[in-house]
1. Kindly evaluate V232 against the criterion of being open to solvent by less than 50 Å² (accessible area, probe 1.4 Å), in contact with a strand residue (DSSP E or B) (Cβ under 7 Å, 6 or more places away or on another chain), closer than 24 Å to F98 by Cα and not in a loop (DSSP other than H, G, I, E, B).
2. Pairs, please: C-beta under 7 Å, at least 6 apart or cross-chain, first residue of a type in the set (K, R) and in region 18-29, second at pLDDT 85 or above?
3. Within region 37-57, can one find any residue that is aliphatic (A, V, I, L, M), in contact with a Pro (Cβ under 6 Å, 6 or more places away or on another chain) and part of a helix (DSSP H, G or I)?
4. In this structure, does F98 turn out to be touching a residue at least 24 places away in the same chain (Cβ under 8 Å), within 28 Å of V227 (Cβ to Cβ), open to solvent by 10 Å² or more (accessible area, probe 1.4 Å) and under 17 Å from the mean Cα position of the chain (by Cα)?
5. Look at A246 and say whether it is within 13 Å of L75 (Cβ to Cβ), free of Cβ contacts under 8 Å to residues at least 12 places away in the same chain and open to solvent by 30 Å² or more (accessible area, probe 1.4 Å).
6. Looking only at region 128-142, which residues are surrounded by fewer than 20 Cβ atoms within 10 Å (Cβ to Cβ) and without any contact (Cβ under 8 Å) to a residue 40 or more places away in the chain?
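The values are calculated or read from the model by the stated rules, or taken from the named source; none is laboratory data. Note that the structure is predicted; figures quoted are calculated from it, not measured. Note that we place each Cβ from the backbone using ideal geometry, even for glycine, and neighbour counts take in every protein chain shown. The area values use the complete protein model at the heavy-atom level, side chains included, leaving out ligands, DNA and RNA. Shrake-Rupley method; radii C 1.70, N 1.55, O 1.52, S 1.80 Å.
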Amino acid sequence: MTTDQPPKPRPGRSARPAPSLLRRVLRAVRAVVLTILAIWAAMLVAYRWIDPPATPLMLIRLIEEGRLDYRPRDLDQIARALPNSAIAAEDNNFCSHFAVDWNAVGEAIDEWRDGRPLRGASTITMQTARNLFLWPGGGFLRKALEVPLAFAIEILWPKWRIIELYVNVAEMGPGIYGAEAAARAHFGKPAAALTAREAALLAAVLPNPRRWSASEPTRYIQRRAGVITRRVGQLGPATACAAPPA
């Protein structure tokens, strides 16, 4: 009488252990990261020519407030004074740096070492990356993502396209995004008709457009707009990259 014996494993082969929970989690995280990177890559290519339908900040504010006024325009449909004022207010070296203004970073660090508060040194390119791809607020993770995205933008887009998207998606009031919506909401006119003073007022509120208003400026905003107007004159050819393509 014979008894059935379990099959013997073949020599040289061993059963693979089931993947651990940690390994499965890491695989899932890797898949999510690769998916996000692929989406960002597609957006970086598409936004070179196509205006974004919305930004993460717009969607967050829409959920919070139920309001969204966003009307993207080509750069030649926006008064030249506005991109010039944005450069004067936010990033004087926009036309000459590559994504990061290392001189501004060094100055901010020196001021911090001298005991003054640490100020931001974000360029317009970095702010554009943040507005288009990331979330509002601070933190090391967001900054760590912002810098490589800014370098990718500088590689793929000309300067005029960067400033075009910046002035089209920047928050310029509660529920108000970009030059056209801001010009109509604050001054009752299209962005192409903005005066130098109005453009300077819009640029002056960019650091905190939910606190300050371009159409009802405080004394501080009025003084800041005056400084921006003078700085535009001082920069002169240094804003040439903000001109729309011929």
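1. Working: open to solvent by less than 50 Å² (accessible area, probe 1.4 Å): yes; in contact with a strand residue (DSSP E or B) (Cβ under 7 Å, 6 or more places away or on another chain): no; closer than 24 Å to F98 by Cα: yes; not in a loop (DSSP other than H, G, I, E, B): yes.
No: the conditions fail for V232.
2. Short answer, once both residue conditions are applied: none.
3. So in region 37-57, the residues aliphatic (A, V, I, L, M) come out as 37-39, 41-46, 50, 54, 57.
If we keep only those that are in contact with a Pro (Cβ under 6 Å, 6 or more places away or on another chain) too, we end up with 57.
This time we only want the ones that are part of a helix (DSSP H, G or I), so: 57.
Scanning region 37-57, I find at least one residue that is aliphatic (A, V, I, L, M), in contact with a Pro (Cβ under 6 Å, 6 or more places away or on another chain) and part of a helix (DSSP H, G or I), so the answer is yes.
4. Working: touching a residue at least 24 places away in the same chain (Cβ under 8 Å): yes; within 28 Å of V227 (Cβ to Cβ): yes; open to solvent by 10 Å² or more (accessible area, probe 1.4 Å): yes; under 17 Å from the mean Cα position of the chain (by Cα): yes.
Yes, satisfied.
5. Numbers: within 13 Å of L75 (Cβ to Cβ): yes; free of Cβ contacts under 8 Å to residues at least 12 places away in the same chain: yes; open to solvent by 30 Å² or more (accessible area, probe 1.4 Å): yes.
Considered against the rule, which asks whether it is within 13 Å of L75 (Cβ to Cβ), free of Cβ contacts under 8 Å to residues at least 12 places away in the same chain and open to solvent by 30 Å² or more (accessible area, probe 1.4 Å), A246 comes out as yes.
6. If the condition is that a residue be surrounded by fewer than 20 Cβ atoms within 10 Å (Cβ to Cβ) and without any contact (Cβ under 8 Å) to a residue 40 or more places away in the chain, then G137, G138, G139, F140, L141, R142 are the ones that fit.
Here's the yes/no breakdown for (1) open to solvent by 60 Å² or more (accessible area, probe 1.4 Å); (2) within 23 Å of V227 (Cβ to Cβ); (3) at pLDDT 95 or above; (4) among the acidic types (D, E):
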{"site": "G115", "(1), (2), (3), (4)": "yes, no, no, no"}
{"site": "I124", "(1), (2), (3), (4)": "no, yes, yes, no"}
{"site": "F151", "(1), (2), (3), (4)": "yes, no, yes, no"}
{"site": "V167", "(1), (2), (3), (4)": "no, yes, yes, no"}
{"site": "E171", "(1), (2), (3), (4)": "no, yes, yes, yes"}
